[in-house]
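The values are calculated or read from the model by the stated rules, or taken from the named source; none is laboratory data. Because the structure is a prediction, the values reported are computed rather than measured. Here Cβ is always computed from backbone atoms with ideal geometry, including for glycine, and neighbour counts include all displayed protein chains. Protein only, heavy atoms only, side chains kept; ligands, DNA and RNA dropped before computing areas. Shrake-Rupley method; radii C 1.70, N 1.55, O 1.52, S 1.80 Å.
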Amino acid sequence: MNDMLATDADEAAAGRSLLETWGRNEPMRHVPSAEWMSWKVDQELRRRIELLFDRYANLPADDARRGPLENELRALSRALERLSDTARHSRNNHPPHELGDRIAWSVSQAVSSLNSLDPHLIGRRFPFQTAERSKAEPLYGALLVVIQHVGRVLMLVRAIDPGIDEHLLDGLVKLETPLRTQPIA
């Protein structure tokens, strides 16, 4: 029936390693790709942050709404720096002190840190024998914190400029063939 000897089975098992490797583990479905996270920060969040900061910069210095908004913008800057630090464990430069420059610098640092990640490894879990957690889950968590801070800034800016949502949605839909200026009939 079975011509395999017990020693043959041991040799076949010895040919395959029971240890996992990081590159062969399947991607985690609950964590988006590094490319998507980089796109999200660079394209979508950068534009939102710039529009929201513009409303803050145009506020008079004696406006009572300026203080809470500045605190939340500083928290947003720290969240962006934390995202950058999570993606890359070293910080090369020191951020500028002025709030507007610091936020722009933090967004650029976060994008460059996300772009430096290996897209094939970042979404995979570590091998079980290393007893380490994946780097992708804290990274995605840091991105979610940044998105939450942008939402908090948006809530404060809505009190200053009720039409901010209209400005945030500008350019969402672009017609390939624009409508005619003359009436059809």
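Quick notes on this structure:
- Just one residue in the set ALA13, ALA75, ALA79 is at pLDDT below 90, among the small types (Gly, Ala, Ser), out of contact with any Ser or Thr (no Cβ under 7 Å at 6 or more places or on another chain) and assigned to a helix (DSSP H, G or I); that residue is ALA13.
- Whenever a residue of region 82-95 is over 13 Å from ILE122 (Cβ atoms), its partners that are exposed (fewer than 15 other Cβ atoms within 10 Å of the Cβ) and modelled with pLDDT under 80, lying with C-beta atoms within less than 9 angstrom and at least six residues away or across chains, give the pairs SER84/ARG91; ASP85/ARG91.
- One residue alone among SER33, SER38 is modelled with pLDDT under 90 and open to solvent by less than 60 Å² (accessible area, probe 1.4 Å), and that residue is SER33.
- Checking each residue in region 48-65 for being part of a helix (DSSP H, G or I), surrounded by fewer than 15 Cβ atoms within 10 Å (Cβ to Cβ) and not hydrophobic (A, V, I, L, M, F, W, C) picks out GLU50, ASP54.
- Selection from region 150-179 of residues that are open to solvent by 50 Å² or more (accessible area, probe 1.4 Å), in contact with a Leu (Cβ under 9 Å, 6 or more places away or on another chain) and closer than 22 Å to LEU80 by Cβ: ARG152, LEU156, HIS167
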